[in-house]
Amino acid sequence: MLLDKAQVQILNNWTAMGLRGSGSGEFLVENAFVPADRSASIMSDTPLPLPLYKFPIFCLLALGVAAVALGVARLAIESLVTLSHEKSPQGSQRPLAERQSIQLQVARSEARLRAARQFLLSTVDVAWAAADDNRLVLDIRRDLRLATTYATKEAVTVVEAMYDCAGGDAVFASSPLQRCLRDVRVASQHVMVSESTYELTGRLFLDLPVKLELL
């Protein structure tokens, strides 16, 4: 519904532990009349004959969440790498970067992040081409939901690993790693990338019936 801004009251109630800068609060509209030609359905209308507008709305929502989560994970790795060259653990004269356990976690996290990101990007490429050709079939929609959830969950794993590697430094408000942890955890709570997505896509891989409107 397209409304005049004077008809909308913004409720400043986004007090979440993370993603605070997103301003994802609620709004209130009361007794507002909206003409029919100022409305559209995000579920069924196609405003423009372009690939973007042919994507299912739930897939688009999930893609946004996954993209944010992957970006947060990238920042977490970069922040830990910087810290590892500046910090020497208590009782040691060698920087954190010289520890084999840190090297192992950074390498594994880099592999996780790149693999998850590539899975997501390749799936989007296939879906975009299919949408452009009006062939956004069920299997492609399934893969989009799977890739977005997988990317988000892997991002959480990466951020948590980098946070743990940083030790006590990560708990202070001045550390970007504490913000990364809060942000990625809030992103991963979104219903579009919840664990139930694995059940949904798993049923499709097993040729079991599902509610197609959830895709």
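The values are calculated or read from the model by the stated rules, or taken from the named source; none is laboratory data. Please read all numbers here as calculations on a predicted model, not as lab measurements. Reconstructed Cβ throughout: ideal geometry from the backbone, glycine too, with neighbour counts over all protein chains shown. Side chains included, ligands, DNA and RNA excluded: accessible areas come from the protein's heavy atoms. Shrake-Rupley method; radii C 1.70, N 1.55, O 1.52, S 1.80 Å.
Computed as a quarter of the hull surface, the mean projected area of the alpha carbon convex hull for region 137-198 stands at 4.4 nm². Rounded to the nearest 20, the Cβ-based charge dipole of the chain about its Cα centre (Lys and Arg +1, Asp and Glu -1) stands at 440 debye. Ranking Y53, Y163 by solvent-accessible area of protein heavy atoms (1.4 Å probe, all protein chains present), from largest to smallest, gives Y53, Y163.
Once the chain from R94 to F172 is taken as fully extended at 0.36 nm per residue, the excess over their C-alpha distance is 25.8 nm. Expressed per residue, the C-alpha convex hull volume of the chain stands at 150 Å³.
Considered as an equivalent ellipsoid built on the Cα gyration tensor, region 104-215 has semi-axes of 32, 15, 12 Å, the largest given first.
Scanning the chain for GluC sites (Glu not before Pro) lying in DSSP loops with no more than 15 further Cβ atoms inside 10 Å, the longest uninterrupted stretch between such sites is 31-194. For the chain, the membrane-span-like helix rule (DSSP H, alpha carbon extent of at least 30 Å along the helix axis, mean Kyte-Doolittle at least -0.5) picks out 57-86, 100-132, 138-166; this says nothing about an actual membrane. Entry note, the chain: relative contact order of 27 percent, from Cα contacts under 8 Å with a spacing of 6+ residues. Here r is the Cβ-Cβ distance between F27 and V81 and R0 is 30 Å; the resulting FRET efficiency, rounded to 0.05, is 0.15. Taking the Cα centre of region 74-127 as origin and assigning +1 to Lys and Arg Cβ atoms and -1 to Asp and Glu Cβ atoms, the resulting dipole is close to 140 debye. Using a Förster distance of 30 Å, how high is the FRET efficiency between A6 and E213, based on the Cβ-Cβ distance and rounded to 0.05? Working from the Cβ atoms, E equals 0.30.
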